[in-house]
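Q: Before we start, here is the structure in question, set down as structure tokens.
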Amino acid sequence: MSPTKDFNTLDDFNFRDKTVLLRVDVNCPLDRKTLEIINDARIRSIVPTVRELSGKRAKVVILAHQSRKGKWDFTGLERHARLLSKNLNAPVRHVEDVMGAEAREAIASLAPGEVLLLGNVRELDSESEERDMDSHSESEMVSALAPLADYYVCDAFGTAHRSQCSLVGFPPKMPSASGRLMAREIYALRTIFDDPRRPSVFIIGGAKFADVPHMIERVMEAGMADTVILVGLAGNAFLSARGVDIGDASRAALADELTPENFRAATEVMSRYGQRILLPVDAAVERDGARVSVSTGDMPTAEPALDIGDGSIEKFEKVIAASKTAFMSGPAGMFEKPGFEVGTRRLIAAMVENGGLSVIGGGHTAGAAERFDLADRVSYVSTGGGALETFLLREPMPVVEALKRSKVAFGP
Ligand code: 3PG
């Protein structure tokens, strides 16, 4: 399937016996205690590309990340290699190194058809810097790895909105293509969102908050959403910005995310679009082993908010029921914890039951839909969270721009 003629896909090159650098997004939700991967949907999503390349006897060198420095789920990729191997039903070699001697020797020793997963690229400080592709193409990583490979393939749709080195640095230097997942996502999303049905509601939750104020601003400015519902950590952050004392326990969960700058951005967005931004009216906490809804008027609570409360669920269900397009990125709470899946489950159920178009984005939310047996009823489940949002807002996707540039430079 070729979604566009402006960048190459796997159909455009002969990979036989060639070395291919393959950038994927296997950033997965992990268990806080064991750090085991609790949903491997993103790993499964890249299997067709890896299998096809290895089936064509390419030597497949995979670049990937897990979380980012400073976060609790920033880990190496040994578990990812194990699960990729299980899903491929073939061996996957792994070294926890990206461009040092160990990585280079492992690449040099690959036989045709073999697959190697390198270490977490975000171990390199340079990877986390958002710079343009020209500057990244002169980086140490590109200088070290590009000469060892014949092609670069990007299947990291989930990270296509980041202008980071392993994503945009290689295409200006070598023939490049999109993988199967990337091509499928872009094709499907273009088809779905060419003419969205109104009213449209965006439900934003999850555990990342830094991008949310900007996201809301763009969604509102672009007229993409009539209403934005905020749940999960984003809901709590905005409640704080509105002056609700959510309590120390809930605030602690926000510590990494609610920087003074983000707080200011949230306050500004609230003052501009407040009427169309719906916040939770209560939170569900665990008290004496049971789920209890506490209204915002009775906050702060000693316990952390683990889900939106029953009043919020009912309020949001009505808005979703009346919508024709509903998009959700990020769960409403800790849906893995029994009793606190209710908010996420009922909001997804409301999306699929209203007969409109439902789109889910992000590894966590996709995992939740699968867990509740609702994934098959959602119109489209994307592996992208932030990337999908960027795509929907018609903002340039750095990875797509880099692939286009590579096609101009190297053909075919
Ligand atoms: C994601 O999970 O959205 C992608 O892997 C990008 O991660 P990031 O927001 O840490 O860049």
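The values are calculated or read from the model by the stated rules, or taken from the named source; none is laboratory data. None of the values given here were measured: they were computed from a predicted structure. Every residue, glycine among them, receives a Cβ derived from its backbone with ideal geometry; neighbour counts consider all protein chains shown.
Q: Scan (1) assigned to a helix (DSSP H, G or I); (2) within 19 Å of the chain's Cα centre (by Cα); (3) in the same structural domain as Asp310 (by TED's automatic domain parsing) for the single condition Arg272 breaks and write down its number.
A: Condition not satisfied by Arg272: (2).
Q: Looking at Glu395, is it within 16 Å of the ligand (Cβ to nearest atom) and surrounded by fewer than 17 Cβ atoms within 10 Å (Cβ to Cβ)?
A: It is true that Glu395 is within 16 Å of the ligand (Cβ to nearest atom) and surrounded by fewer than 17 Cβ atoms within 10 Å (Cβ to Cβ).
Q: Considering only residues that are surrounded by 22 or more Cβ atoms within 10 Å (Cβ to Cβ) and of a type in the set (Gly, Ala, Ser), look in the range 372-385 and name the one that is farthest from the ligand (Cβ to nearest atom).
A: Filtering first and then ranking leaves Ser382.
Q: Follow-up question, since we're still on this one. State whether one or more residues within the range 114-127 are at pLDDT below 95, crowded, with 16+ Cβ neighbours inside 10 Å and more than 16 Å from the ligand (Cβ to nearest atom).
A: No.
Q: If you check every pair at least six apart or on different chains, which have Cβ atoms under 6 Å apart with a residue in the range 351-371 that is closer than 15 Å to Gly158 by Cβ and not assigned by TED's automatic domain parsing to the domain that holds Gln66 first and a residue that is within 14 Å of the ligand (Cβ to nearest atom) and among the charged types (D, E, K, R) second?
A: Gly363/Arg42
Q: Let me ask something additional. Taking the range 347-373 only, how many residues are of a type in the set (Gly, Ala, Ser), out of contact with any helix residue (DSSP H, G or I) (no Cβ under 8 Å at 6 or more places or on another chain) and either within 19 Å of Ile308 (Cα to Cα) or in a helix (DSSP H, G or I) (or both)?
A: Qualifying residue count for the region: 1.
Q: Can you name every one of the helices (runs of 4 or more DSSP H) wholly within the range 151-256 that holds 1 or more residues which are surrounded by fewer than 24 Cβ atoms within 10 Å (Cβ to Cβ)?
A: Those helices (runs of 4 or more DSSP H) span 180-193, 212-221, 232-241, 248-254.
Q: Still on this structure: How many residues, within the range 90-137, are out of contact with any His (no Cβ under 6 Å at 6 or more places or on another chain) and more than 24 Å from Lys18 (Cβ to Cβ)?
A: Residues meeting the conditions: 13.
Q: Does Phe316 satisfy being assigned to a helix (DSSP H, G or I), closer than 23 Å to Ile216 by Cα and within 16 Å of the ligand (Cβ to nearest atom)?
A: no
Q: Here's something else I'd like to know. Looking for whichever is under 30 Å from Tyr151 (Cβ atoms) and in contact with a Gly (Cβ under 7 Å, 6 or more places away or on another chain) here; the options are Gly386, Gly343, Gly361. Which one fits?
A: Gly361
Q: Pull out all pairs, ordered by first then second residue, where Cβ-Cβ is under 6 Å, the residues are six or more apart or on different chains, the first lies in the range 48-71 and is within 16 Å of the ligand (Cβ to nearest atom), and the second is basic (Lys, Arg).
A: These pairs meet every condition: Leu63/Arg23; His65/Arg122; Arg68/Arg122.
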